[in-house]
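The values are calculated or read from the model by the stated rules, or taken from the named source; none is laboratory data. Treat the numbers as computed from the prediction; the structure is a model and nothing was measured. A quick note on method: Cβ atoms are made from the backbone with ideal geometry, for glycine too, and the neighbour counts reach across all protein chains shown.
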Amino acid sequence: MNVKVDEALYVIERVRHLTESTYVLRFSRNGMEFNPGQHLVLGLPGSSELREYSIYSGIHDDFLEVLIKEVDDGVVSRQLKSIKPGDKLEVRGPYGFFLTESGISRPARLLFISSGTGIAPFHSYIRSNPEVDYQVIHGVRKMEEAYDIRHYKKGSLQVCTSRDNQGDFEGRLTDYLLEVDIDSHRQVYLCGNSNMIFDAMDILRARGIPQRQIFTEVYF
Ligand SMILES: Cc1cc2nc3c(=O)[nH]c(=O)nc-3n(C[C@H](O)[C@H](O)[C@H](O)COP(=O)(O)OP(=O)(O)OC[C@H]3O[C@@H](n4cnc5c(N)ncnc54)[C@H](O)[C@@H]3O)c2cc1C
């Protein structure tokens, strides 16, 4: 039975540590309905400290997942890192309109641009719509931060690594955007830190992508 859930305690089912600082929390879905691109507000039960996290799992999964990077001196990203299966999590939402505000039409040609854990909403969208025509550009420091690369169609993910040479492109994502051919008919979605988003938007506009085809979600 599908029930609308606004705020409730959810049970942690699994914690997957992808790097020393980044992890995926999987928890009970409790019938929650959501659209890829939406986020949840999470925290330890009873805590006044709650933060937003994009949904990482797909709409057909019978669980919910989020991808979290522990931030140096961060409160919630650090608290949640030590959570264990069976523990409870306070969950509010889903909230937001990223990926739905634009009303992605089918068949759409999509370009997803992300830094760090900003790949989460795109992972959810692709997992929910595996047949869609997409390209992902992911900016990370090191290749180990190219999370779950096997979940993306071969040839559809370009990883830009700024601090090692193990990616498809050695350098910043914005340098890659300056060099690569960009299909000006794609709808472009950007997610991650604001510096990357503002710089990338300037480059995209200069390269002929109309503003009406660009959509953003800023994490910090
Ligand atoms: C709509 C939305 C969706 C988000 N989705 C995700 C997600 O899927 N995964 C995820 O890991 N985070 C996501 N965030 C960021 C998240 O909400 C928190 O800001 C982050 O986890 C830090 O919280 P904290 O309590 O640990 O640190 P705080 O104690 O709140 O902050 C510490 C400092 O770290 C800065 N900061 C915040 N995030 C980062 C970061 N990633 N890297 C470096 N510095 C940072 C803050 O600006 C602040 O100055 C999202 C934010 C928004 C607004």
Please count how many residues of the range 46-82 are at pLDDT 95 or above and of a type in the set (Gly, Ala, Ser).
6
Just checking, how many residues over the range 58-94 are hydrophobic (A, V, I, L, M, F, W, C), surrounded by fewer than 18 Cβ atoms within 10 Å (Cβ to Cβ) and within 20 Å of Ile119 (Cα to Cα)?
3
Please work out which residue is nearest to His17 (Cα to Cα), limiting yourself to the range 120-156 and to residues that are touching an Asp or Glu at 6+ places or on another chain (Cβ under 8 Å) and buried (at least 22 other Cβ atoms within 10 Å of the Cβ).
His123
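Residue-by-condition table, conditions (1) modelled with pLDDT of 95 or more; (2) part of a strand (DSSP E or B):
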| position | (1), (2) |
| --- | --- |
| Asn165 | yes, no |
| Asp175 | yes, no |
| Leu178 | yes, no |
| Asp183 | no, no |
| Leu190 | yes, yes |
| Ile203 | yes, no |
Of those in the range 29-75 that are near the ligand (Cβ under 6 Å from one of its atoms) and in contact with a Ser or Thr (Cβ under 8 Å, 6 or more places away or on another chain), the residue nearest to Gly93 (Cα to Cα) is His39
Mind checking whether some residue in the range 184-192 is closer than 21 Å to Ile55 by Cβ and exposed (fewer than 14 other Cβ atoms within 10 Å of the Cβ)?
no
